[in-house]
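What follows is one structure encoded as structure tokens, with my remarks underneath.
The values are calculated or read from the model by the stated rules, or taken from the named source; none is laboratory data. Since the model is a prediction, treat every value here as computed from it, not as a measurement. Because the Cβ atoms are built from the backbone with ideal geometry, glycine has one as well, and the counts that use them run over all protein chains shown.
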Amino acid sequence: MARHFSIVSAISLALLAAGCETPQVRPLALATSAPITLIAPAPAAPPAVARADDRCAPLPALPGALAGRTITVERLSDIALHKGEVVLSFDDGPRPKTTRRVLDALDHAGVNATFLMVGQMAKAYPELVREVASRGHSIGSHTFDHANLRTMSRSAALAEIASGEKAVAGALTGSGHSMAPFFRFPYLADSPALRATLAARGTVVLDVDIDSRDYVKSPPATVLTRTMAALEARKSGIILFHDIHARTAAALPSFLAALSAEGYKVVRLVPAGTDCAAEAS
Ligand SMILES: [Zn+2]
């Protein structure tokens, strides 16, 4: 067991150190609007068990109605966001100390997100995988151990993807929830051939429009202002966060408040063919 957790810790540390940095980091404009002040963290959410059966039910809306529409996703082109709409995505978890704080912030704002989980993390914390699902969020995969698939042979890359999917789906076995066929390339290091293969088997590759760069060591307020500045420049998009970072969990309540203040809507993605998708369509 000790060895098991030491492996996970090593991966966590590697992710924290490497920061999941993408090879093609785009420069982001600095915030030009008034500085945004961090607000206090959201109060603790009700126990997850209280909401174990309401995966498809809308979360309670708070004043400001940050929750937007639900999109049923069968293929990438289904994710057509309008101006003012964002999708929240969280990669590399789950991680107990930080993922639950992220879940509490999302609950407090009444919005849903998509979590792209690393197989080895899901294998280490299956109860947390199930909690993410029971609190109404979509879960996809992100390889087994966060490999850079561009550096691997095609067969090895596909094996990595399949292994990650198996671990994440396995954590949900018996929970009444299932993994969405959503995938994100680690480091956003994709290839046309792998994308084509995934599309052919019905896997939706979730791309990133706005990189919060929360893997860069910086204060939570910087994550907030950087991400809002990028969003203001683009007006909509899929936002990349990482729920393994404390600074992300710390910044999220204020980020969600800023989204609400600016009139944005958080769009929920659900896979086609689920009960939720039936209700959404
Ligand atoms: Zn990642």
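As an exercise: evaluate R201 against (1) surrounded by fewer than 21 Cβ atoms within 10 Å (Cβ to Cβ); (2) farther than 26 Å from T274 by Cα and give the number of the one condition it does not meet.
Of (1) surrounded by fewer than 21 Cβ atoms within 10 Å (Cβ to Cβ); (2) farther than 26 Å from T274 by Cα, only one is false for R201: (2).
Which one of the conditions (1) outside any helix (DSSP H, G or I); (2) more than 15 Å from the ligand (Cβ to nearest atom); (3) at pLDDT 95 or above; (4) surrounded by fewer than 23 Cβ atoms within 10 Å (Cβ to Cβ) does L194 fail to meet, given that it meets all the rest?
With (1) outside any helix (DSSP H, G or I); (2) more than 15 Å from the ligand (Cβ to nearest atom); (3) at pLDDT 95 or above; (4) surrounded by fewer than 23 Cβ atoms within 10 Å (Cβ to Cβ) applied to L194, the lone miss is (1).
Looking only at segment 213-264, filter to residues that are assigned to a helix (DSSP H, G or I) and among the charged types (D, E, K, R); which one of those is farthest from E85 (Cα to Cα)?
This residue is R247.
Of the residues R150, R135, R154, only one is buried (at least 22 other Cβ atoms within 10 Å of the Cβ) and farther than 20 Å from D209 by Cβ; which?
R135
Within the bounds of segment 174-187, is there any residue that is more than 12 Å from the ligand (Cβ to nearest atom) and in a helix (DSSP H, G or I)?
no
Given the residues L116, L88, L106, which is the only one that is surrounded by 24 or more Cβ atoms within 10 Å (Cβ to Cβ) and either in a helix (DSSP H, G or I) or free of Cβ contacts under 8 Å to residues at least 12 places away in the same chain (or both)?
On the way: L116 fails: either in a helix (DSSP H, G or I) or free of Cβ contacts under 8 Å to residues at least 12 places away in the same chain (or both); L88 fails: either in a helix (DSSP H, G or I) or free of Cβ contacts under 8 Å to residues at least 12 places away in the same chain (or both).
It is L106.
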